[in-house]
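One structure below.
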Amino acid sequence: MAQHKQPAHSGAAITSLKVQASRPAAIAMTSPAIDADGWLSIDHAQAGDETSPPLSWSGPLEVVTWALVVEDPDAPRDEPVVHWLVWNIPGAWTSLPAGLEKSAHPRGGHDLVQGLNTGGRPGWLGMAPPEGHGPHRYYFQLFGLDRRLDLAEDIPLVEFVNVLKGATIAKGELVGRFETPHPTLDAPSRARTGAYGREEGATRSPTEAERNAGRGGLDRDDPDRHAPHDPDGVVRPG
């Protein structure tokens, strides 16, 4: 019996390519989690704090609720990885804060519902591309709907897409990239993670992954800003 060969990248279309909006109105999206070069901060990765990224948008006033789908089509699997699935975001809202709790009904979310990600849990699933697989793209896809949705919390994405097809007024997307740094050879760098969006010489606390690797965050004692060092800031010999 032939074994299924894992693809290098998903060949399936992301949700926004499957859903057509009933009106031409576009949704403009922004996020401070994505830097000027398009890189997502490591704060939202599994190697960081894995908090959900903040989002802001503008769109048609007649939207009743918003729905959000975040997918990674560069994952080495048949279907894109679902990082976030959210619906019943109030139509009057124009943003989501960072760090929504990982529950179907997060506190302060009103009627907002977080569905299951690919990991089988509600809420945001942090980025974690395979090491050496190169940069992955993360599509934040927002859909303005003409109704409130009454859905099971564990609805599969394929069924959710069918619901969106009949309810979407407008849609928009925002793309961020992320590449997993080598756990011991790579300190976080702007070119890889967008984590250096700070003033020159500013100190950043080490992430859990950096502490486990025996290094701290970047600080003024790192002349080349890449030297491996311990959590106390002592540069280790290369």
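I'm told V19 meets every condition in (1) at pLDDT 95 or above; (2) under 16 Å from the mean Cα position of the chain (by Cα) except one. Can you identify the failing condition by its number?
Here V19 clears every test but (2).
Any residue that is in a strand (DSSP E or B) and of a type outside the set (S, T, N, Q) - is there at least one of those in the stretch 147-160?
Among the residues of the stretch 147-160, not one is in a strand (DSSP E or B) and of a type outside the set (S, T, N, Q), which makes the answer no.
So which residues in the stretch 136-161 are open to solvent by less than 90 Å² (accessible area, probe 1.4 Å) and without any contact (Cβ under 8 Å) to a residue 12 or more places away in the chain, if there are any at all?
Answer for the stretch 136-161, where residues must be open to solvent by less than 90 Å² (accessible area, probe 1.4 Å) and without any contact (Cβ under 8 Å) to a residue 12 or more places away in the chain: A152, P156.
The values are calculated or read from the model by the stated rules, or taken from the named source; none is laboratory data. Please read these numbers as outputs of a predicted model, since none were measured by experiment. Heads up, the Cβs are rebuilt from the backbone with ideal geometry, glycines too, and the neighbour counts pull from every protein chain shown. The accessibility values were calculated without ligands, DNA or RNA, using every heavy atom of the protein model including side chains. Shrake-Rupley method; radii C 1.70, N 1.55, O 1.52, S 1.80 Å.
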